[in-house]
Amino acid sequence: MDGERPTALHTGLSRTVELAELGPTLSAESETETKAPEIFRQLLQQAIRVSEQANAQALRMATDFAAVYAREQHLAKDFEAKLEELALLERQATRYAEDLATLLRLERERRLELERALGAEQNTNVELRRTGLQGVSHIVMAVSLKDMTTGQHLLRVRKYVESIAAKLGLPPATVEEFGYSSVLHDVGKIQTPDDILGAPHELSTDQFDVMKQHCIDGEAMLGDAKFFATGRAVAREHHERWDGTGYPDRKQGREISLAARIVAVADVYDALTSKRPYKEAWSAERGLASIEAGSGKQFDPGVVVAFVSLYREGAIEHIRTEVGDQP
Ligand SMILES: [Fe+2]
């Protein structure tokens, strides 16, 4: 019987009891023996699962860490880039500020230089103007010596011209310029033969052709100085007509300088209302009527309107009587 497994059939009640007590033990041992590999396998599997879970957890953590690290690295790079950008902006701002300061300094220096140059130019202009006006006086004196009637004629023309220019709203400097330029209108007559200048009758066609030359001679005599620019235009164009039938270039309308258009009215009115070797002086009314009749033909209509307005105010007659014909 040793080595045989006891059973309830082979033993009594107590044995059965024993069997009954021993039964589970014998059974557990038997199951243990039977299930040990399974348990071990299960434990092993469990251990493997735990290990796998741990590995997965570790991997996740590592991945998360890597992601966080990468993000932080990225943020760090962004931060560094921003810092570099800020540093660049700061350097640029500094450079702009320096450039601006340099520009301001240069601008200030340039302004001072311009002010100095302007002051010097103003002095030069004053000197040039003084010299120019002396030149005008000398020229007028020379013309006056040649033709005794010319001195008063020039003075009246100048006053008429200045009044018309002011009536047209021109600035004072231009009024003055037109005035001193107007006295140069017949400067070319210095070269006109005396017999034609003093002819006691109306000129023949040939004589008139010679007389016409005074416009071209006058412009040439006044050279190329800027001071005489308006004077040259007046000398050349004061016998041109608004309708283009004048001389020497048959200019018309606004092709003729404004100064010359004004001088044309003033010169003709004074010639008509003054005594000449070949005619008596016309009355002021007759002279005015002739000027009005020439509006749009011989004369600029706008200049005629200004002249008529001055006439109605009494300004023209005042000048005419103020500057007599006696030397
Ligand atoms: Fe003339």
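The numbers here are math on the coordinates, done by the rules we state, and not lab data. What you are looking at is a predicted structure, and each value in this text was computed from that prediction instead of being measured. Don't worry about glycine lacking a Cβ; one is built from the backbone with ideal geometry, like all the others, and counts go over all protein chains shown.
Here are the numbers for this structure:
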| read-out | value |
| --- | --- |
| Exposure proxy ranking, count of Cβ atoms within 10 Å, fewest first, for SER181, SER295, SER51 | SER51, SER295, SER181 |
| Positive minus negative residues near ALA165 (Lys, Arg vs Asp, Glu; Cβ under 10 Å) | -2 |
| Positive minus negative residues near GLY314 (Lys, Arg vs Asp, Glu; Cβ under 12 Å) | -1 |
